[in-house]
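S.K.: Take a look at the following structure, please.
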Amino acid sequence: MNKINTLFSLKNKTVILTGSAGRLGKRFAEILSAAGADVVLVDIDRLNNEKLEQELVKKYHTKAISLNLDISNRTDMKKLRNVVLSKYKKIDILINNAHFIPRTHPKRDASFEEYPLELWDKTIITNMRGLFLCCQEIGKVMSKQKKGIIVNVSSIYGVVGADQRIYGKSRLNSPAFYAATKGAMVNLTRYLAAYWHRQNIRVNTLTLGGVFDEKLHKDKNFVKRYSEKTMLGRMARPEDYDGPLLFLTSDASSYVTGTNLIVDGGWTAW
């Protein structure tokens, strides 16, 4: 293995990945496993998560495991910590990728003025509480180890306001809770990086632009309008995030902490 490969290698690293059964979660699990990591797949979608575990073990010969756990439940997060330590004896990396969006709720498209308080509460509690508990429970281990990496996966809408002009009737616009929780994630990253200063724990945000999905993005006008807002003239492909993720989780970013790596095709740089 040459020096460059070694720099980005995750061989024998134990990585906890939340939201592993989702679209990007599966891609993240693949690239982490390809780099040699033993990935702990955490998701409430038991069927797809177990299927992913089997695929990773067969393809990459790693020691991946899947856990059907709710990140917003403290008991589940304590179980996660204990199961991982029992099996792997250490936790090297935590990737907070899980995020609840109520796509099937009958009032998912309600205007801000009419948005249901109970739906706001549910999304805030699930997303912010889950992020807090993951960082708290796994952070305890990293603090004791005096070593660890945390990557919080955010969105461009945690940095800038959603451009209401491009969505039309596509039903792809994100509600206010999305901006609130993704924006909070960016600053919690800074807080934790400062809190665990000089403990060899690095905490960073990976902020992503929209990823094209042919099943989800059937509205060609939306795709066109979105693409025109990026400097590269297109939506992201899943593989566009492989390099940035490996960078933040490997020794290649050994002097990087408290930062927000924005990968959005230039969307926020105009």
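S.K.: Please state the shape class of the stretch 11-100: rounded when a/c is under 1.5, otherwise prolate if a/b exceeds b/c and oblate if not, all from the C-alpha gyration tensor.
M.R.: Details: a/c = 1.63, a/b = 1.16, b/c = 1.41.
It comes out oblate by the Cα gyration axes.
S.K.: Still on this structure: Output the relative contact order of the stretch 214-270, whole-number percent, from Cα pairs under 8 angstrom with separation of 6+ residues.
M.R.: The value is 41 percent.
S.K.: Calculated FRET efficiency, residue 68 and residue 113, Cβ-Cβ r, R0 30 Å, to nearest 0.05?
M.R.: Numbers: r = 38 Å, r/R0 = 1.25.
About 0.20, to the nearest 0.05.
S.K.: Follow-up question, since we're still on this one. Give me the percent of accessible area attributable to carbon and sulfur for the stretch 106-188, probe 1.4 angstrom. Walk me through the intermediate numbers first.
M.R.: Values: 2400 of 4210 Å².
Roughly 57 percent of what the probe reaches on the stretch 106-188 is carbon or sulfur.
S.K.: Can I ask one more? Could you order 89, 51 so the one with the most accessible surface comes first? Probe is 1.4 Å. Walk me through the numbers before you get to the answer.
M.R.: Working: 89 150, 51 115 Å².
Sorted descending by solvent-accessible area, the residues read 89, 51.
S.K.: Shifting gears a bit: Using the Karplus curve 6.51 cos²θ - 1.76 cosθ + 1.60 with θ = phi - 60°, work out ³J(HN,Hα) for each residue of the stretch 225-240 in order, rounded to whole Hz, and write x for Gly and Pro.
M.R.: Ordered by residue, 3J(HN,Hα) equals 5, 4, 4, 5, 7, 9, 5, 8, x, 7, 6, 6, 9, x, 5, 5 Hz.
S.K.: Averaging sequence separations of C-alpha pairs under 8 Å and six or more residues apart, then dividing by the length of the chain, give the relative contact order as a whole percent.
M.R.: On the way: 451 pairs, mean separation 48.6, N = 270.
With pairs under 8 Å counted, the relative contact order is 18 percent.
S.K.: Also, I was wondering about something else. Could you give the nm distance between label points at residue 122 and residue 194, where each point is 7 Å from its Cα heading toward the beta carbon?
M.R.: Modelled inter-label distance: 3.5 nm.
S.K.: Starting from the exponent 0.38 and prefactor 2.2 Å, build the expected Rg for the chain from its residue count and divide its actual Cα Rg by it. Spell out each step's value before the answer.
M.R.: Numbers: Rg = 18.3 Å, N = 270, 2.2 N^0.38 = 18.5 Å.
After normalising by residue count via 2.2 N^0.38 Å, the value is 0.99.
S.K.: Something else about it: Going by amide H atoms built from the backbone, whose H comes under 5 Å of the H on residue 207, apart from near neighbours?
M.R.: Under 5 Å from the amide H of residue 207 lie the amide H atoms of 154, 261, 262, 263, each far enough along the sequence or on another chain.
S.K.: So what does log10 I(q)/I(0) come out to for the stretch 47-143 at q = 0.15, 0.23, 0.25 Å⁻¹, using the Debye formula with one equal point on every Cα and no solvent?
M.R.: -0.74, -1.22, -1.32
S.K.: Taking amide H positions as placed in the peptide plane 1.01 Å from N, state which residues far from residue 174 in sequence (5 or more) or on other chains have amide H under 5 Å from it.
M.R.: none
S.K.: Give the separation of the Cα centroids, the stretch 1-75 to the stretch 183-247, in Å.
M.R.: 19 Å
S.K.: Further question on the same structure: How do 242, 70 rank by accessible surface area computed with a 1.4 Å probe, from largest to smallest? Don't skip to the end; give the middle numbers.
M.R.: Working: 242 20, 70 60 Å².
Highest to lowest solvent-accessible surface, that is 70, 242.
S.K.: How large is ³J(HN,Hα), in whole Hz, for each residue of the stretch 16-32 in order, when computed from phi with the Karplus curve 6.51 cos²θ - 1.76 cosθ + 1.60 and θ = phi - 60°, using x for Gly and Pro?
M.R.: With the stated coefficients, the stretch 16-32 comes to 9, 10, 8, x, 6, 8, x, 4, 6, x, 5, 5, 4, 4, 5, 5, 5 Hz.
The values are calculated or read from the model by the stated rules, or taken from the named source; none is laboratory data. Note that the structure is predicted; figures quoted are calculated from it, not measured. Here Cβ is always computed from backbone atoms with ideal geometry, including for glycine, and neighbour counts include all displayed protein chains. Ligands, DNA and RNA are excluded from the accessible area calculation, which covers all protein heavy atoms including side chains. Shrake-Rupley method; radii C 1.70, N 1.55, O 1.52, S 1.80 Å.
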